[in-house]
Every structure is written in structure tokens, then in C-alpha cells.
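Before any comments, here is the structure.
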Amino acid sequence: RFWRKATKKRRQNYWDINKFSLFFWGCFAGLALVFIPLFSAALAGKLIPAKAVVSFTTKGILITLCIVAWEELWFRGLALNYLANKTSPVSAAILSGLLFVALHIMNPGINLKTAALNLFLASMLLSTGYFYFKSIYFPLGMHLIWNVLNNSAGPVFMGKELPAGLFWGENGILLALLLLGGSLLFSRKPGLVPQ
């Protein structure tokens with residue numbers, strides 16, 4: 001009963017439509033995650049020619065929004081709230097991150113050996129953003145922009161893409177540092193991490 005009460009209160013606060021403007025801040029953060037590695041690789045002369053022509057469609061973006069909304073409702077909504085009521089927010093974010101990585105086992109396009117760390121760090125960033133802003137809309141916006149632009153921004157806007165090396169790319173060190181830095185920034189809020 002306590003869990004239902006606490007979850008209902010958190011849901012009313014974190015999913016309040018009056019906080020929808022945080023969706024756009026999440027989109028902006030997602031743009032930074034996409035374009036900082038892309039521009040830094042361009043400045044270093046490391047971009048490679050795009051292998052395929054990519055285009056955006058309204059249908060594709062809407063399908064991506066539905067997938068992202070489902071993931072966020074489960075991972076930043078139900079799972080994270082349940083775990084936060086049973087443990088600390090930090091433990092909840094870690095456990096939710098592990099579940100998030102495990103879900104991606106079903107994605108045949110992902111090599112978990114190389115992607116697991118950045119998937120986990122991405123989940124940590126989404127979870128700490130959720131707790132920091134007390135809103136589902138921030139991680140929803142960030143996750144949407146990442147999924148829409150991650151592999152398509154370079155080919156669409158520059159005709160080039162990131163190399164799949166150790167430093168750049170979606171499994172690279174630069175993105176890992178950005179995800180970790182964002183998580184640490186959002187975890188600085190009093191009450192999220194025990195002092």
C-alpha cells in the first residue's frame with residue numbers, strides 16, 4: 001500500500017504535464033550528445049564518407065517516439081520508481097541501467113560487448129536527469145533525439161559519419177565521458193546522492 005501511494009505521488013509530480021517544457025531541454029541535451037562527437041571528429045578530420053543515404057520521415061520519427069516512450073515509461077517510470085522506493089535513488093539508477101542493457105540483448109543490431117558500457121551510462125544519465133528535474137519529459141526528449149539522430153545526423157547534414165573507432169562513435173570514449181559527465185552533473189543535486 002505504501003509503495004502504491006508513494007508511486008502515485010511521484011507519478012503525479014514527475015509526469016505532470018506542466019513540466020512538458022523539460023522535453024525540449026532533453027532534446028537539446030540529446031543534440032549535444034549527438035553533435036559534440038560529430039563536430040569534434042570533423043575538426044580532427046576523422047569523419048568518413050557515409051555508407052548509406054539516410055532521410056527523415058514523419059512516420060519513422062513517430063514510430064521512434066512510441067518506442068522511446070515505451071522504454072522511458074518502463075525504465076524511468078515503473079522500474080526506476082519501484083526500485084527507488086525499495087532502495088536509494090542511486091541504487092535504483094544502477095539496477096535500472098543494468099535492466100536497460102539487458103533489454104538491448106533483443107536488438108540484433110547491437111553488439112553488447114562494445115555497447116554495454118555506453119548503454120549503461122546512457123541509462124544512468126536518463127535516470128539522474130529524471131530525478132534531477134523530477135520529470136519524465138527530460139529523459140524522453142533526450143532519448144528521442146538520440147534515437148532519431150544518432151546514426152543519421154552525420155549522413156544527413158554532412159554526408160559523412162563517425163568512424164567506429166575507440167574514441168569516436170556511439171561506443172567510443174568521448175560519448176562515454178559525455179554520458180558520465182552528465183550523470184555526475186545531475187547527481188550533484190542534494191538528496192540524490194548521500195552526502
Per-selection Rg to Rh, the range 63-167 - Cα, Kirkwood hydrodynamic radius: 1.00
For the chain, calculated [θ]222 nm from helices alone, where every DSSP H run of n ≥ 4 adds -39500 (n - 2.57): -21500 deg cm²/dmol
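Got the relative contact order for the chain handy, in percent, Cα pairs under 8 Å and 6 or more residues apart? Mind showing how you got there, number by number?
Working: 239 pairs, mean separation 70.6, N = 195.
Worked out over the chain, it gives 36 percent.
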Most fluctuating residue given options V90, V148, V156, as computed from a GNM of the chain linking Cα atoms under 10 Å: V156
At least 27 Å along the helix axis (C-alpha) and Kyte average at least -0.5, DSSP helices within the chain: 21-43, 112-133
Longest exposed-site-free window of the chain, the sites being trypsin sites (Lys or Arg not before Pro) in a DSSP loop that have at most 13 other C-beta atoms within 10 Å: 52-187
Whole-Å semi-axes of the ellipsoid equivalent to the chain (Cα gyration tensor, √5λ, descending): 30, 18, 15
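A short reminder: the numbers here are calculations on the coordinates, not readings from a lab. All of these numbers come straight from a predicted model, not from anything done at the bench. All Cβ positions, glycine included, derive from the backbone under ideal geometry; neighbour counts span all protein chains shown.
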